[in-house]
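Heads up: the structure comes next, in structure tokens.
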């Protein structure tokens, strides 16, 4: 053994035992509570601490991986939000033109081609997760609606409810991307 201990008796005992090459004799001749046992206990404790550190690090990395995956999925879901937000005024214009064309006093009809484009645009955006918010007649909710003005309600039932929707609100995959601008009955 290369390492010399501070206890000369222990060194001699260890050297003698090593010469005979038996582990049993080392254990029998080594006094209990010696430095070897203390070092062994310290190493066991250190090993336990390292195992605990390893398990914690592994759990932390697993949590990081899960969080990263979740963030990537959220990013993919809402990646088109900017594009959708830019298209909302176009949808509003389409809706106004359609409403105007459907009015019986309108001189300007909504052509079949424009109607096909309108339907295709709405269908494609709906497939991407865009959904119009239903507001008229619903209870006013400041989380969903932006009150532009209040008007007297025609009856008690309509107090606190949305009387008219000036500008539709939209959801993108259950996330509000535009609040509905509404008129509320008081």
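The values are calculated or read from the model by the stated rules, or taken from the named source; none is laboratory data. Just so we're clear, the structure is a prediction, and the values are computed from it rather than from any experiment. Cβ atoms come from the backbone with ideal geometry, glycine included; neighbour counts cover every protein chain shown.
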Condition check for residue 147: in contact (Cβ under 8 Å) with a residue 12 or more places away in the chain, surrounded by 13 or more Cβ atoms within 10 Å (Cβ to Cβ) and more than 32 Å from the chain's Cα centre (by Cα): no
Subset of the stretch 120-138 that is out of contact with any strand residue (DSSP E or B) (no Cβ under 7 Å at 6 or more places or on another chain) and surrounded by 12 or more Cβ atoms within 10 Å (Cβ to Cβ) - its residue that is modelled with the lowest pLDDT: 128
Residue check for residue 115: part of a helix (DSSP H, G or I), closer than 24 Å to residue 175 by Cβ and in contact with a helix residue (DSSP H, G or I) (Cβ under 9 Å, 6 or more places away or on another chain): no
